[in-house]
Amino acid sequence: MWTNHHDLNFKKLMSERSFFEPFLKTYLPQDLLSQIDWASLQIYHSGGKHLETKTDQAFEADIVYLAKFHNSPNKEFLFWLHTEHQSKPDRSMRLRMIHYQSAELLTYLKQNPKKLLPSIVSFIYFQGKKPWPFKLDLAELFMNPEQGLKYFGN
């Protein structure tokens, strides 16, 4: 059986808190950095598989971290950090990320039916030899971008 060594190495590296925390501190938006309770950062799961019911295909996230926010009065706010290793350009990456995020949130909701959903942020780590050729703008995937975005998810 063939195994993708790049994926395995990436998952191993990203599962090391000593690497992942500085990675986050480098790439997260500034407004989120100050809100994270760094002591609470932990791996929520690694390689979680989700079954797509319409296509009957499984897909998985590489590593999903969980952290709490500071200053969360009366409610537990969780901060999901989903990382995805990408070795080839994919025009549909933005839509795939929404799909992955939705699957993670649906799983969370099933396991925690009385809780509100946590925030979720995804990182795409691209290691292609050429720069990423596509914008990560969902509007570009629609024939009629304005109408597509207006009704998508509503």
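Computed from the coordinates by the stated procedures, all read-outs in this text should not be read as laboratory data. If you're wondering where the values come from, they're calculated on a predicted model, not measured in any experiment. Every residue, glycine as well, gets a Cβ built from its backbone with ideal geometry; the counts of neighbours run over all protein chains shown.
Worth pointing out:
- Sequentially through segment 109-117, phi angles give Karplus couplings (6.51, -1.76, 1.60; θ = phi - 60°) of 5, 5, 7, 9, x, 9, 9, 6, 6 Hz, Gly and Pro residues having no value and appearing as x.
- Here the 3J(HN,Hα) profile of segment 21-28, calculated from phi with Karplus coefficients 6.51, -1.76 and 1.60 at θ = phi - 60°, is 4, x, 4, 4, 5, 7, 10, 6 Hz, Gly and Pro shown as x.
- Other residues whose C-beta falls under 12 angstrom from the C-beta of residue 19 contribute a net charge of +2, scoring Lys and Arg +1 and Asp and Glu -1.
- Filtered trypsin sites (Lys or Arg not before Pro), segment 76-154: DSSP coil and at most 13 other beta carbons within 10 Å: 91, 114, 115, 129, 135
- Cleavage-rule hits, chymotrypsin sites (Phe, Trp or Tyr not before Pro), segment 113-146, DSSP coil, Cβ neighbours within 10 Å at most 15: 134, 142
- A Cβ-based charge dipole, computed about the Cα centre of segment 96-151 with Lys and Arg at +1 and Asp and Glu at -1, lands at about 220 debye.
- The length gained on full extension between residue 5 and residue 135, counted as 0.36 nm times the residue separation minus their Cα-Cα distance, comes to 44.0 nm.
- Segment residue 142-residue 87, extension gain: residue separation times 0.36 nm, minus the distance between their alpha carbons: 17.3 nm
- Of 12/150; 11/68; 25/135; 11/129; 68/130, those spanning more than 31 Å from alpha-carbon to alpha-carbon: 12/150; 68/130
- Our estimate of slack between residue 96 and residue 34, defined as 0.36 nm per intervening residue step minus the Cα-Cα distance, is 19.5 nm.
- The simple Förster model, with R0 at 25 Å and r as the Cβ-Cβ distance, assigns residue 16 and residue 115 a FRET efficiency of 0.30.
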